[in-house]
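Before any comments, here is the structure.
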Amino acid sequence: MGTTIMAASYDGGVVMGADSRTSTGSYVANRVTDKITPLTDRVYICRSGSAADTQNLSRYVQWFLEQHGMELGDDPEVKTAAKLAQTMAYQNKNLLQASGGLAGLIVAGWDKHHGGSVFAIPLGGTLVKVPFSIGGSGSAYINGLCDRLWRPNMSEEECKAFVVKAVSHAMARDGSSGGCIRTVVISKDGIKRSFIPGDEVPVAAGELPPPVRQVRA
Amino acid sequence: METAQQGGFSFDLCKRNEFFAAKGVQHPGFTKTGTTIAGLIFKDGVVLGADTRSTAGSTVADKNCEKIHFIAPNIYCCGAGTAADTENVTGMVASQLELHRYATGTQSRVVTAMTLLKGHLFKYQGHVSAALVLGGVDFRGPHLFTVYPHGSTDSLPFATMGSGSLNAMAVFEAGFKDDMSREEAMALVARAIRSGVMNDLGSGSNVDLCIITKDGVEYLRNHEYLQTKTYERQFPQKFASGSVPVVRERVYDIRRAVQVVEGEPMEMEVS
Amino acid sequence: MAAALPVRASVPAAGQAVKQHATWSPYDDNGGTVVAVAGDDYCVVAASTRMSTGYSILTRNKSKILQLNPKCVIASAGMQADQETLHKVLHSRHVTYQFNHRKPMACPAMAQLLSNTLYYKRFFPYYTFNLCAGLDDEGRGAVYTYDAIGSYERVGYGCQGNGKELVQPVLDNQLKAASPLALPPQQWLSSLPLEQAVDLVKGAFVSAGERDIYTGDDVEILIITKDCIKTDRLELKRD
């Protein structure tokens with residue numbers, strides 16, 4: 001799954017974003033994939049790498065957190081979810097390699113103790129808390145852009161605009177990223193999903209504008 | 001020696017087989033269904049479609065096989081990949097869901113079938129080569145999933161799989177609309193399968209359809225019968241009776257060995 | 001620092017254990033089946049017209065038969081590029097022959113030329129499986145069958161290409177006597193009337209088209225008699 005994924009923290013929470021392309025070789029197997037998967041009500045994970053590995057890893061983490069939440073009698077913290085995902089990725093990295101794919105993950109969300117937080121879990125199974133993180137094959141193209149544009153204490157709207165801009169630039173340059181942009185905003189008020197169709201993704205410099213959508217009777 | 005009680009496959013002979021392969025021994029192949037399967041969601045439910053050719057290498061092993069498998073009364077599943085794997089994996093899930101229905105007394109859900117399939121396929125890391133299009137209608141409405149051999153799944157409004165998937169997807173991408181009527185949907189799926197049948201050598205023969213709505217299932221075996229033989233022999237070879245010599249003849253009277261006992265019908269406990 | 005390096009280097013990095021490099025093959029199998037049946041005063045030559053690679057059809061209408069003269073044709077299965085090259089070479093040699101000898105080449109001579117042409121490329125063969133068919137100097141049907149590097153023999157009927165495993169046994173059953181050693185001696189080859197031979201070839205192709213994925217679409221049939229070459233065409237299934 002060649003991908004562009006990212007998450008960025010802002011004043012009251014986090015914004016997560018991803019493209020929607022899943023490819024097998026040169027064939028696009030799914031052009032409307034949802035790579036932002038819920039782990040709990042307020043913690044989500046961005047998946048890159050092998051679709052099979054990351055889907056099933058997320059399933060296990062969901063299951064652990066469901067039980068943990070019941071024991072706790074409260075919503076799990078973001079760092080707990082991130083640590084669980086990291087442990088699964090690290091302890092199974094031999095298997096993840098065997099199946100031809102590696103898992104690059106970003107866990108982000110909101111909890112009442114720490115507010116919004118972003119955790120990056122890159123290829124080997126490292127865990128780092130970061131103000132923002134980008135991942136997947138498309139991220140190579142937008143390091144400079146993100147370093148330039150990210151600021152602490154953005155508003156929700158500013159942060160979402162930043163995420164959409166970054167992902168759309170990565171999609172423009174990376175052949176294995178594309179399709180639509182999905183975003184999830186997580187704050188104390190809950191989650192807000194949004195979806196930008198392929199023909200409404202902002203155009204990068206040098207690109208042709210998208211064709212006008214045909215409306216069929 | 002105590003052996004662990006466990007289900008699934010035995011991989012004991014894998015090392016041996018690798019050794020043989022390295023020595024140049026050819027292993028027997030298995031029936032791979034080069035296939036076109038497809039499905040889409042329409043106004044009232046799901047339409048699934050499949051071709052009916054099964055191949056072993058370049059020869060056609062079965063000209064009219066069934067690739068749309070039963071999962072539950074409201075869920076069916078098209079299978080591509082190794083024939084044995086698709087048949088067994090769908091059979092296993094169908095049986096698990098039936099037991100689950102007995103335990104809960106509720107209709108099976110499509111996501112449950114999908115989760116069971118992906119869990120099994122992921123466990124075997126792609127060695128169980130089943131590529132599936134799973135469709136059904138439950139109380140939450142129509143659902144359609146693709147399941148890949150490695151255990152990844154996609155939820156889609158229209159989906160194709162198998163060696164003819166690109167042909168079929170081209171038809172879907174050109175002709176799919178939201179909320180199609182039953183007739184429109186059936187025609188589009190049949191057209192998608194037909195494009196696989198005609199243009200992909202791994203797919204062929206006839207078109208099977210399965211329409212699932214909340215009111216029931218219509219399984220149309222050989223919905224489209226595409227082509228019959230194009231030539232009848234003018235001088236057909238006829239073997240006269242007696243062409244094959246009878247070497248030996250033996251007649252048994254099985255009535256002496258079989259005893260027929262009439263009995264009363266047994267009471268069956270219901271409820 | 002330096003001491004740590006050899007230790008790290010001895011640990012094989014993931015993915016380096018099996019070294020893979022891209023390979024390229026000069027050969028491709030474009031499928032198809034060719035059949036020829038010789039009779040007392042005719043020769044039937046037939047070839048399917050589907051050309052394919054892997055699971056895709058490249059065209060449904062590609063002739064595999066080269067008509068050199070009214071008494072001799074060559075039918076080739078295998079790789080299309082090599083078929084084309086071989087046919088071009090043979091055509092050119094045939095033109096030259098006619099300049100030198102002021103007559104078309106006879107079928108047995110062409111059969112020998114084809115063998116020589118194939119063996120010329122012994123260590124980089126044409127990926128083609130050929131039949132040379134026509135009428136010999138006495139006007140009897142003649143079929144020559146080849147391997148890819150020029151070994152050949154004259155036979156009463158022949159079959160090459162993807163469908164040969166399906167078609168050859170049928171032809172054997174219909175055209176061959178039980179055994180050359182059978183007593184009292186039977187005729188080694190049975191010769192059919194022309195209509196029955198054409199019917200047999202058509203029947204064989206229809207059956208091969210049912211079970212072989214590389215045989216389909218159409219069959220091009222040439223009927224060679226002393227007067228002319230008549231062409232016929234039969235539709236097969238297109239799936």
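Descriptive notes on the structure:
- All positions within region C:121-133 that are part of a strand (DSSP E or B), under 17 Å from C:VAL89 (Cα atoms) and open to solvent by less than 50 Å² (accessible area, probe 1.4 Å): C:THR128, C:ASN130, C:LEU131, C:CYS132
- For region B:199-216, taking the residues that are buried (at least 19 other Cβ atoms within 10 Å of the Cβ) and part of a strand (DSSP E or B), the one that is nearest to the other protein chains (Cβ to nearest Cβ) is identified as B:ASP200.
- Failed criterion for A:HIS68 (all others in (1) surrounded by 21 or more Cβ atoms within 10 Å (Cβ to Cβ); (2) in contact with a helix residue (DSSP H, G or I) (Cβ under 8 Å, 6 or more places away or on another chain) hold): (1)
- Filter result for the condition that a residue is surrounded by fewer than 23 Cβ atoms within 10 Å (Cβ to Cβ), within 29 Å of A:THR54 (Cβ to Cβ) and of a type in the set (S, T, N, Q), over B:THR106, B:THR86, B:THR82: B:THR82
- Qualifying residue in region A:133-148 (condition: surrounded by fewer than 18 Cβ atoms within 10 Å (Cβ to Cβ), out of contact with any His (no Cβ under 9 Å at 6 or more places or on another chain) and in a loop (DSSP other than H, G, I, E, B)): no
For every residue, the table says whether it meets (1) touching a Gly at 6+ places or on another chain (Cβ under 8 Å); (2) on the phi > 0 side of the Ramachandran plot; (3) modelled with pLDDT under 95.
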{"site": "A:SER137", "(1), (2), (3)": "yes, no, yes"}
{"site": "A:LEU145", "(1), (2), (3)": "no, no, no"}
{"site": "A:SER176", "(1), (2), (3)": "yes, no, yes"}
{"site": "A:ARG182", "(1), (2), (3)": "yes, no, no"}
{"site": "A:ILE186", "(1), (2), (3)": "yes, no, no"}
{"site": "A:LYS192", "(1), (2), (3)": "no, no, no"}
{"site": "A:ILE196", "(1), (2), (3)": "no, no, no"}
{"site": "A:ASP199", "(1), (2), (3)": "no, no, yes"}
{"site": "A:VAL212", "(1), (2), (3)": "no, no, yes"}
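- Strands (runs of 3 or more DSSP E) wholly inside region C:134-175 that include at least 2 residues being under 18 Å from C:LYS202 (Cβ atoms) and of a type outside the set (Ser, Thr, Tyr): C:141-146, C:157-161
- Of all residues in region C:186-195, one or more are part of a loop (DSSP other than H, G, I, E, B), away from every other protein chain (no Cβ under 11 Å) and more than 16 Å from C:ALA38 (Cβ to Cβ).
For (1) within 21 Å of the chain's Cα centre (by Cα); (2) of a type in the set (Val, Ile, Thr); (3) part of a loop (DSSP other than H, G, I, E, B), each residue gets a yes or a no:
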site	(1), (2), (3)
B:LEU166	yes, no, no
B:ASP178	no, no, yes
B:GLU184	no, no, no
B:ARG191	yes, no, no
B:ARG194	yes, no, no
B:VAL197	yes, yes, no
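- Residue check for A:PRO202: in contact with a helix residue (DSSP H, G or I) (Cβ under 6 Å, 6 or more places away or on another chain) and in a loop (DSSP other than H, G, I, E, B): yes
- Leading residue by the ranking (nearest to A:HIS113 (Cα to Cα)) among those in region A:1-17 that are of a type in the set (Ser, Thr, Tyr) and either over 13 Å from the mean Cα position of the chain (by Cα) or not in a strand (DSSP E or B) (or both): A:TYR10
- Members of region B:144-163 that are open to solvent by 30 Å² or more (accessible area, probe 1.4 Å) and part of a strand (DSSP E or B): B:SER155
- Test: residue in region B:60-72 that is of a type in the set (Gly, Ala, Ser), open to solvent by 20 Å² or more (accessible area, probe 1.4 Å) and either assigned to a strand (DSSP E or B) or within 14 Å of chain C (Cβ to nearest Cβ) (or both): yes
- Subset of region B:232-245 that is open to solvent by less than 80 Å² (accessible area, probe 1.4 Å) and small (Gly, Ala, Ser) - its residue that is nearest to the other protein chains (Cβ to nearest Cβ): B:SER243
- Index of the failed condition, A:SER48 passing every other in (1) under 14 Å from A:GLY104 (Cβ atoms); (2) assigned to a helix (DSSP H, G or I): (2)
- Criterion (within 14 Å of another protein chain (Cβ to nearest Cβ) and at pLDDT below 95) met by exactly one of A:THR24, A:THR33: A:THR24
- Filtering region B:44-59 to residues that are open to solvent by 10 Å² or more (accessible area, probe 1.4 Å) and away from chain C (no Cβ under 14 Å) leaves only B:ASP44.
- Residue match in region B:137-144 (condition: of a type in the set (Phe, Trp, Tyr) and more than 9 Å from chain A (Cβ to nearest Cβ)): yes
- Count of region B:75-122 residues, restricted to those that are polar (S, T, N, Q), modelled with pLDDT of 95 or more and not in a helix (DSSP H, G or I), is 3.
- Positions within region A:18-45 being in a loop (DSSP other than H, G, I, E, B) and either over 18 Å from B:THR115 (Cβ atoms) or hydroxyl-bearing (Ser, Thr, Tyr) (or both), in sequence order: A:ASP19, A:SER20, A:ARG21, A:GLY25, A:SER26, A:ARG31, A:VAL32, A:THR33, A:LYS35, A:THR40, A:ASP41, A:ARG42
- When C:ASP172 is tested against (1) more than 14 Å from every other protein chain (Cβ to nearest Cβ); (2) open to solvent by 30 Å² or more (accessible area, probe 1.4 Å); (3) at pLDDT below 95, exactly one condition is not met: (1).
- Every pair of residues 6+ apart whose Cβ atoms lie under 8 Å, when the first sits in region B:116-132 and is facing chain A (nearest Cβ under 10 Å) while the second is surrounded by fewer than 18 Cβ atoms within 10 Å (Cβ to Cβ) and not in a helix (DSSP H, G or I): B:LYS123/B:GLY8; B:GLN125/A:SER99; B:GLY126/A:SER99
- A count restricted to region A:139-164 and to residues that are in contact with a strand residue (DSSP E or B) (Cβ under 8 Å, 6 or more places away or on another chain) and not acidic (Asp, Glu) stands at 13.
- Among the residues listed as B:LYS177, B:LYS229, the single one being within 14 Å of chain C (Cβ to nearest Cβ), closer than 30 Å to B:CYS78 by Cα, open to solvent by 50 Å² or more (accessible area, probe 1.4 Å) and not aromatic (Phe, Trp, Tyr): B:LYS229
- Counted residues, region C:72-81 - those being open to solvent by 30 Å² or more (accessible area, probe 1.4 Å) and touching a Phe, Trp or Tyr at 6+ places or on another chain (Cβ under 9 Å): 1
- Answer from A:THR4, A:THR54, A:THR24, A:THR40 - the residue that is open to solvent by 40 Å² or more (accessible area, probe 1.4 Å) and among the hydroxyl-bearing types (Ser, Thr, Tyr): A:THR24
- Within region A:189-202, one or more residues are among the β-branched types (Val, Ile, Thr) and open to solvent by 60 Å² or more (accessible area, probe 1.4 Å).
The values are calculated or read from the model by the stated rules, or taken from the named source; none is laboratory data. Because the structure is predicted, anything quoted here is derived from the model rather than measured. When we count neighbours, we look across all protein chains shown, and the Cβ atoms used for this are built from the backbone with ideal geometry, even at glycine. Ligands, DNA and RNA are stripped out before the accessible areas are found, and what is left, the full protein with its side chains, is counted by its heavy atoms. Shrake-Rupley method; radii C 1.70, N 1.55, O 1.52, S 1.80 Å.
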